[in-house]
1. Testing GLU147 on (1) without any contact (Cβ under 8 Å) to a residue 40 or more places away in the chain; (2) surrounded by 10 or more Cβ atoms within 10 Å (Cβ to Cβ); (3) not small (Gly, Ala, Ser), one condition comes back false. Which one is that?
2. Hey, can you tell me all the residues within segment 108-121 that are of a type in the set (A, V, I, L, M, F, W, C) and either at pLDDT below 90 or over 12 Å from CYS148 (Cα atoms) (or both)?
3. Is there a residue being at pLDDT below 90, part of a helix (DSSP H, G or I), more than 27 Å from ARG158 (Cα to Cα) and among the hydrophobic types (A, V, I, L, M, F, W, C) anywhere in segment 93-100?
4. Would you please name the residue that is farthest from the chain's Cα centre (by Cα), looking only at residues in segment 98-143 that are within 22 Å of HIS86 (Cβ to Cβ) and β-branched (Val, Ile, Thr)?
5. What pairs come up if the first residue lies in segment 79-103 and is more than 19 Å from PRO146 (Cβ to Cβ), the second is of a type in the set (Val, Ile, Thr), and their beta carbons are under 7 Å apart, counting only those six or more places apart or on different chains?
Amino acid sequence: MAIKLAIFMALLAGAGGAFFYVQNLQATVDLLEANNAKLEAAVDEQKQVIEQQAKDTKAIAFAHKNQMALNAKLDASINDLRAKFHKVNASGKKRDIGSLAEQKPALMAKVINRGTKNAMRCMEIAMGSSLTEKEKNATKKSQINPECSDIANPSYVRY
């Protein structure tokens, strides 16, 4: 009888241990399921962040491409302006604005003021100002902004 009682107690202890072991496993499974749900939410959030970064990268690349095109146009305008100031006349001499200003001061003031006004408009356009209808529709040389016709007058075609 004592052996039966000892075996019964051992079986009862084993069953109790198994019960607590299963309870512990169920608690662990619940904890792991909760952690898995959190991880899946974090993965979804990271996917959204990655998609937004991809969109932002495309937008930045597009803006960079546009800026580089504008810079190329501005560089061409600067080179054109340099050519105007360093123009060589028929006798082989470089243009001297100082001597022209001494000879015809009113004319040079008018030319310089008009050039300054045109150059300031070019800077406004380069900084993002929108084109006026007059600038958009200019097709003749007399209608354009000669300082930066590439960006100020998109309809103008040079001969």
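1. With (1) without any contact (Cβ under 8 Å) to a residue 40 or more places away in the chain; (2) surrounded by 10 or more Cβ atoms within 10 Å (Cβ to Cβ); (3) not small (Gly, Ala, Ser) applied to GLU147, the lone miss is (1).
2. Of everything in segment 108-121, those that are of a type in the set (A, V, I, L, M, F, W, C) and either at pLDDT below 90 or over 12 Å from CYS148 (Cα atoms) (or both) turn out to be MET108, ALA109, VAL111, ILE112.
3. Yes: one or more hits.
4. Here the residue is VAL111.
5. Going by the 7 Å Cβ cut-off, the qualifying pairs are LYS94/VAL88.
Residue-wise test of (1) within 21 Å of ASN66 (Cα to Cα); (2) among the basic types (Lys, Arg); (3) assigned to a loop (DSSP other than H, G, I, E, B).
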{"residue": "VAL111", "(1), (2), (3)": "no, no, no"}
{"residue": "ARG114", "(1), (2), (3)": "no, yes, no"}
{"residue": "CYS122", "(1), (2), (3)": "yes, no, no"}
{"residue": "GLY128", "(1), (2), (3)": "yes, no, yes"}
{"residue": "LYS136", "(1), (2), (3)": "yes, yes, no"}
{"residue": "THR139", "(1), (2), (3)": "no, no, yes"}
{"residue": "SER142", "(1), (2), (3)": "no, no, yes"}
{"residue": "GLU147", "(1), (2), (3)": "yes, no, yes"}
{"residue": "VAL157", "(1), (2), (3)": "yes, no, yes"}
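Matching residues to (1) farther than 27 Å from LEU100 by Cβ; (2) outside any helix (DSSP H, G or I); (3) at pLDDT below 95:
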{"site": "LYS47", "(1), (2), (3)": "yes, no, no"}
{"site": "GLN53", "(1), (2), (3)": "yes, no, no"}
{"site": "LYS58", "(1), (2), (3)": "yes, no, no"}
{"site": "LYS65", "(1), (2), (3)": "yes, no, no"}
{"site": "LYS73", "(1), (2), (3)": "yes, no, yes"}
{"site": "ALA83", "(1), (2), (3)": "no, no, yes"}
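The values are calculated or read from the model by the stated rules, or taken from the named source; none is laboratory data. For clarity, every value in this text was computed on a predicted model and none was experimentally measured. When we count neighbours, we look across all protein chains shown, and the Cβ atoms used for this are built from the backbone with ideal geometry, even at glycine.
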